[in-house]
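What follows is one structure encoded as structure tokens, with my remarks underneath.
The values are calculated or read from the model by the stated rules, or taken from the named source; none is laboratory data. Since the structure is predicted, the reported quantities are computational estimates derived from the model, not experimental observations. A quick note on method: Cβ atoms are made from the backbone with ideal geometry, for glycine too, and the neighbour counts reach across all protein chains shown.
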Ligand code: NI
């Protein structure tokens, strides 16, 4: 089950689909969540959403810990009480090479279900808040580059083309890929 999952890459239209709520909390769901965590760790990402591996259900996995030992599984996640505003430097496993800064809510209350279907409410801040917002966007067919004006995107693409030629890095700052 779920043996050959691959991360879909922009501009694959399948990334634009709206994911369906999870209604059945069975063993298969756990297998998929574990598989997604494995792919996320292998890819050095801090988050992954099911539609990125071509599964259109509302399931995301996240680990923002330094030691990469705090996996979180959020099913049917919903943002409640968003507040504040923060600059977020982001990349995405489905949008290779593009790194840019967008605005996100600083704090959110997250309502979600765990693998048994139990509902939880959790206050999330900092990187965790940002990462979860990015992943929930994937469930709605939205990508972080959608927040970037076209002119800026074109500039970023040119920069990437140039940096490939020069074999240099795109940006010196630390960017987490989600
Ligand atoms: Ni992403």
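Annotations
- Count of the range 17-54 residues which are within 13 Å of the ligand (Cβ to nearest atom), part of a helix (DSSP H, G or I) and in contact (Cβ under 8 Å) with a residue 60 or more places away in the chain: 3
Here is a yes/no grid of residues against (1) within 24 Å of residue 17 (Cα to Cα); (2) exposed (fewer than 14 other Cβ atoms within 10 Å of the Cβ):
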{"site": "70", "(1), (2)": "no, yes"}
{"site": "73", "(1), (2)": "yes, no"}
{"site": "79", "(1), (2)": "yes, no"}
{"site": "92", "(1), (2)": "yes, no"}
{"site": "146", "(1), (2)": "yes, yes"}
{"site": "152", "(1), (2)": "no, yes"}
{"site": "155", "(1), (2)": "no, yes"}
{"site": "175", "(1), (2)": "no, no"}
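Yes/no matrix, rows are residues, columns are (1) touching a helix residue (DSSP H, G or I) at 6+ places or on another chain (Cβ under 6 Å); (2) surrounded by 20 or more Cβ atoms within 10 Å (Cβ to Cβ); (3) within 16 Å of residue 2 (Cβ to Cβ):
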site	(1), (2), (3)
13	no, no, no
24	no, no, yes
31	no, no, yes
40	no, yes, yes
43	no, no, yes
47	yes, yes, no
50	no, yes, yes
56	no, no, yes
59	yes, yes, yes
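- For the range 108-152, a residue qualifies if it is more than 16 Å from the ligand (Cβ to nearest atom) and on the phi > 0 side of the Ramachandran plot, and the qualifying residues are 117, 126.
- Hey, residue 66 surrounded by fewer than 16 Cβ atoms within 10 Å (Cβ to Cβ) and either touching a residue at least 60 places away in the same chain (Cβ under 8 Å) or within 16 Å of the ligand (Cβ to nearest atom) (or both) or not: no
- Pair list, Cβ under 7 Å, 6 or more apart: the range 128-142 residue in contact (Cβ under 8 Å) with a residue 40 or more places away in the chain, other residue part of a helix (DSSP H, G or I) and more than 11 Å from the ligand (Cβ to nearest atom): 141/16
- Taken as a whole, the condition of being surrounded by 14 or more Cβ atoms within 10 Å (Cβ to Cβ) and either within 28 Å of residue 158 (Cα to Cα) or over 16 Å from the mean Cα position of the chain (by Cα) (or both) does not apply to residue 103.
- Meets criteria (under 24 Å from residue 145 (Cα atoms) and within 16 Å of the ligand (Cβ to nearest atom)) for residue 98: yes
- For the range 94-109, a residue qualifies if it is touching a helix residue (DSSP H, G or I) at 6+ places or on another chain (Cβ under 6 Å) and within 23 Å of residue 22 (Cα to Cα), and the qualifying residues are 94, 108.
- Qualifying residue in the range 125-138 (condition: more than 30 Å from residue 158 (Cα to Cα) and out of contact with any strand residue (DSSP E or B) (no Cβ under 6 Å at 6 or more places or on another chain)): yes
Matching residues to (1) within 16 Å of the ligand (Cβ to nearest atom); (2) closer than 25 Å to residue 6 by Cα; (3) in contact with a strand residue (DSSP E or B) (Cβ under 7 Å, 6 or more places away or on another chain); (4) modelled with pLDDT under 95:
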| position | (1), (2), (3), (4) |
| --- | --- |
| 103 | no, no, yes, no |
| 169 | no, no, no, yes |
| 173 | no, no, yes, yes |
| 177 | yes, yes, yes, yes |
